[in-house]
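Read-outs throughout are calculated quantities, based only on the coordinates presented, and are distinct from any laboratory measurement. What you see is a predicted model; the values in this text were computed from it and never measured. Methodologically, a virtual Cβ is constructed for each residue, glycine included, from the backbone with ideal geometry; neighbour enumeration extends over all protein chains shown.
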């Protein structure tokens, strides 16, 4: 893996002195006292003092290396692991997926990386550090001082899939992340009272990292350790969390929640991101939960940069200091908490100084239920499978209006069994991007210039389907 | 539950379970737009990961159509949950035992 190469590389980031990068320190957590609730597990409170004790206990277990892959499934364990890295000057690595290929590249990126895990059956091929068993409240009393962290400190790398098969690392510094999620609390209007935050998204992805984890730690709110999946689980997790309570989720989960008919407890705010939310769905959710729903727009590189209430206005409002710049038919985001000027993979139209409309994805971007990749990256992985002579992914037609859109692939690979090809791809790419359908063909429908139009691939797929049915 | 299918009935030829298996397989193929005939799904192979190759987004979609059709709300903390998507057969048995419509 390499550092962000589309710009000058991250070393220039750390040298720059923006407002968040002056030599100041910020508190590890923003809770008013050690008796403040920082988390809930199964509805039971965990206090800030306990959290600080757990951080002090876990930090020495991380060993001498500088990099940690935090794979903890329990959100409280993840938070303790992250804070333990912060106080012991380690960098957290947050890849979006843990396939064997990504783990191998991670090891290449940081040879000293260890995997912090709380799961018995963790199969990540890295030296593993087991999350130490909880010691209980007895140890909490001695930990009353909140550690302070340099705002310029690089605390995490998040990764996007580059187009050449090598993931690109993006540095995140503590000051900018803090500024970003403090503004999030303002934008969500949750500054007054401590809230409980229930989330269906993992803390390892940028959206979950900010909105389910840092939003709580750095604004004095409480995170809920569970990650509910089925609608009935989400309803129970919400019912257990004291009010005011917030649900941080995605269109996929909200659609299942609304469609399931499960009785939903009153929720004070619902936050949604990862993919555009249909207006009807937003209306339905607000009605059913007697709440307001706010949608967040961002990317792995920039973090969250805008918010809107979809039932109120289609316009997004940018974070303060963040600007969008149109350049050669592309839109770049920069300023504010953004570490590096970033080309956005969506078609955005500025409507005012700090407002814009979102008109869909750029052609190369793949977004399956919030997991992002690019056709170029997926094609590279496909064509690196032994026996594949030519192959291309395409945006499959949506099965029906509200379901998740997938990618398909056409492949020229004489003598290669499709099952084996899928098994090879499974090692390289996130399961969400496994081609559906996977079509073995004699040749790809390249045009006279050798280009491969998406429409031609979709037409080929449709023809093959018709032929198979007939 | 009153309409719980007894093991004896399940074992009988042309059992309600066999009917339900075909019905659930069709439901899955239609909901996910899969490139496979419902009858071609091996009832004993895993639905998740290897096997039919479904992922968590699919599982949520199946949970949704199952709740709509049979009134069964799946839960991650149910003891048997890890097993439910172990195969089509197990999913069908779970639905058979918990359906309310």
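Observations
- Look at where the Cα atoms of segment B:14-36 and of segment A:146-170 average out, and the two centres are 45 Å apart.
- For chain A, the longest principal axis of the C-alpha atoms and the axis of helix A:174-188 are separated by about 90°.
- Using the Cα coordinates of segment A:111-206, the gyration tensor eigenvalues translate into equivalent-ellipsoid semi-axes of 27, 24, 16 Å, sorted from longest to shortest.
- Quarter of the Cα convex hull surface for segment A:366-469, i.e. its orientation-mean projected area (nm²): 6.8 nm²
- Against chain A, whose longest principal axis comes from its Cα atoms, helix A:418-428 is set at around 30 degrees.
- For the pair segment A:304-381 and segment A:240-302, the centres of their Cα atoms are 21 angstrom apart.
- Descending semi-axes in Å of segment A:316-373, equivalent ellipsoid built from Cα gyration tensor: 19, 13, 12
- log₁₀ of I(q)/I(0) at q = 0.08, 0.09 Å⁻¹ - the protein assembly as shown, Debye sum with one point per alpha carbon: -0.57, -0.72
- Sorted peptide list for A:83-89, A:252-258, criterion being average Cβ within 10 angstrom, highest first: A:252-258, A:83-89
- Listing A:319, A:332 from fewest to most neighbouring C-beta atoms within 10 Å gives A:332, A:319.
- Label-to-label distance, nm, for residues given as residue A:87 and residue A:283 (7 Å Cα→Cβ offset): 5.1 nm
- Relative contact order (%) - criterion: Cα under 8 Å, at least six apart; region: chain A: 12 percent
- Working from Cα pairs under 8 Å separated by at least six residues, relative contact order for segment A:366-469 is 25 percent.
- Spin-label model distance (nm) - residue A:146 vs residue A:125, 7 Å beyond Cα toward Cβ: 4.3 nm
- Fraction of antiparallel bridges per DSSP, chain A only, in percent to nearest 5: 55 percent
- Residues A:349, A:192, A:210 in ascending order of nearby Cβ atoms (within 10 Å, fewest first): A:192, A:349, A:210.
- For chain A, the longest principal axis of the alpha carbon atoms and the long axis of helix A:279-289 meet at an angle near 30°.
- Residue exposure sequence - A:119, A:301, A:424, A:266 - by fewest surrounding Cβ within 10 Å: A:266, A:119, A:424, A:301
- Compactness check for segment A:236-345: Cα Rg over 2.2 N^0.38 Å is 1.21.
- Volume per residue of the C-alpha convex hull in segment A:28-144, rounded to whole Å³: 108 Å³
- Within the protein assembly as shown, helix-based [θ] at 222 nm, where runs of 4 or more DSSP H residues each add -39,500 (n - 2.57), nearest 500: -9000 deg cm²/dmol
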